[in-house]
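Working notes, structure below.
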Amino acid sequence: MPDTTLPVFLAATVPVSGHAVLDGEEARHAATVRRLRAGERLILSDGAGAMARCVVEAVQPGRDVTLALAIEEHWIEEPPPLRVVVAQALAKGDRGELAVELATEAGADAIVPWRAARSVAKWDDGGRGEKALGRWRATARAAAKQARRAHIPEVAEPVGTRELAELAGTMSLAVILESGVPARLTDLDLPDTGDILLVIGPEGGITDEELLTLEAAGAQAVRLCTTVLRTSTAAAVALGALGALTVRWQ
C-alpha cells in the first residue's frame, strides 16, 4: 500500500520506471516550502490516476528550481465505478471556493458551477468570470493534492438551469438537495455504477421554477438531514453519506 503520508506533486506525465524531473511551480513548492532534500520521498501524480513513489536524487536550486527523481514504485488508481458530479450553485465571497475545496476532499469526481437564480455571485462571460472559474479550478487542484487523491476533479464551465437539466437527463441518478421535502437521501435506490448528479442550491434556496425544470428532467428532490446546511458544506456532507451508502468507499 502506498505511503499516504508523503506529499503529492503534479506532473504532466508520470514515468512507469526510471527517472523523472519535477520543475516549475511544483518544484519551487517542493524545494522552498516543503524543503525536500536528496534522499527524501514524494508522490508524483498526473492528476488522472497515474502515481509513483519517488526518491529525490538531487535538488537544483536557483530561479528555475528542479528536482531529479528516481521512480521506486508506479501504480494506476482507477476512478470509482460510481461517480458523483456536483452541481454547485455560485456563492458569494469565498464560500464557493470553500464548497469546491470540501467537495474535492470528500471525493467529488467533477464539479459544475451552476448559475442559479438566487445566487448572489454572478459570473459574467468576460475576464471576471474567467478569474472566478480559475480560482475554483486552482482550489480543486490544491484540495486534491492535500487529500492525496489520484484524480483531480474537472471543474466545468458554468451552466444555467436549462443546461443543468440537460445534464441531469444523461445521469444514472440526479439528486437535488432540498430541505423542505419529505423524501430522504436514504430512501433512494442508489446505483452501484454510473454517474450521480448532486445538485446543491444557493444560500437563498432553489426556486420553484428551477425545481420543476430539474424534476421534469428526471431529478429527484430529497433532504439530507433534519437541519439546513450551508451551500458551502452541503456537498461534502452528502458525498460522505453517498460514500457510506454505496460502493464508493468499499
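Every read-out reported here was derived from the displayed coordinates using simple, explicitly stated rules and does not represent laboratory data. Just so we're clear, the structure is a prediction, and the values are computed from it rather than from any experiment. Neighbour counts run over all protein chains shown; Cβ positions are idealised from the backbone, glycine included.
For D187 and E154, what does the FRET efficiency come to when R0 = 25 Å and r is the distance between their Cβ atoms, rounded to the nearest 0.05? The computed FRET efficiency comes out at 0.25. Its residue count N sets the reference 2.2 N^0.38 Å, and the alpha-carbon radius of gyration of region 82-249 equals 0.95 times that reference. Scalar couplings 3J(HN,Hα) for region 17-23, obtained by applying the Karplus form with A = 6.51, B = -1.76, C = 1.60 to θ = phi - 60°, are 7, x, 10, 8, 10, 9, 9 Hz; x denotes Gly and Pro. For the chain, set up a GNM with springs between Cα atoms under 10 Å and report which of A234, A70, A99 has the largest fluctuation. Of A234, A70, A99, the Gaussian network model singles out A70 as fluctuating most.
Please compute the net charge surrounding R184, taking Lys and Arg as +1 and Asp and Glu as -1 over other residues with Cβ under 15 Å from its Cβ. Charge balance in the 15 Å sphere: -2. Per residue, the average separation of C-alpha pairs within less than 8 Å and at least 6 apart gives region 115-250 a relative contact order of 28 percent.
Here the spin labels are modelled as points 7 Å beyond Cα on the Cα-Cβ line, and at R230 and L133 they lie 2.7 nm apart.
Each part reduced to its alpha carbon centroid, region 1-21 and region 24-57 end up 7 Å apart. Run down the lysines and flag those whose C-alpha is under 19 Å from the C-alpha of K92, throwing out any fewer than 8 positions away in its chain. Within reach: K122, K131.
Residues whose amide H falls under 5 Å from that of A87, counting only those 5 or more places apart or on a different chain, are V112, L198, V199, I200, with hydrogens built in the peptide plane.
Ordering 29-41, 145-157 by mean Cβ neighbour count within 10 Å, with the highest value first, yields 145-157, 29-41.
Taking a Cβ cut-off of under 13 Å around R95, the surrounding Lys, Arg, Asp and Glu residues balance to a net charge of -1, with basic ones at +1 and acidic ones at -1.
Of W114, W123, W75, how do they rank once you tally other Cβ atoms within 10 Å and put the fewest first?
W75, W123, W114
Label-to-label distance for S17 and E209 is 6.2 nm, based on points extended 7 Å past Cα in the beta-carbon direction. The simple Förster model, with R0 at 30 Å and r as the Cβ-Cβ distance, assigns E105 and L245 a FRET efficiency of 0.95.
When D189, D109, D23, D64 are arranged by Cβ crowding within 10 Å, least crowded first, meaning fewest neighbours, the order is D189, D64, D23, D109.
On the basis of the beta-carbon distance and an R0 of 22 Å, A38 and A147 show a calculated FRET efficiency of 0.20.
When a/c reaches 1.5 or more, the comparison of a/b and b/c decides; with that in mind, is region 31-107 rounded, prolate or oblate per its Cα gyration tensor? In terms of gyration-tensor shape, oblate. Tell me whether region 62-127 comes out rounded, prolate or oblate; compute the Cα gyration tensor, take square roots of the eigenvalues as a ≥ b ≥ c, and use a/c under 1.5 as the rounded threshold. Here region 62-127 falls in the oblate category. What's the angle, to the nearest 10 degrees (0 to 90), between helix 95-105's Cα axis and the longest principal axis of the chain? Roughly 60 degrees, rounded to the nearest 10. Regarding region 8-76, what's the average projected area of the Cα-atom convex hull, expressed in nm²? Projected area, direction-averaged: 3.9 nm².
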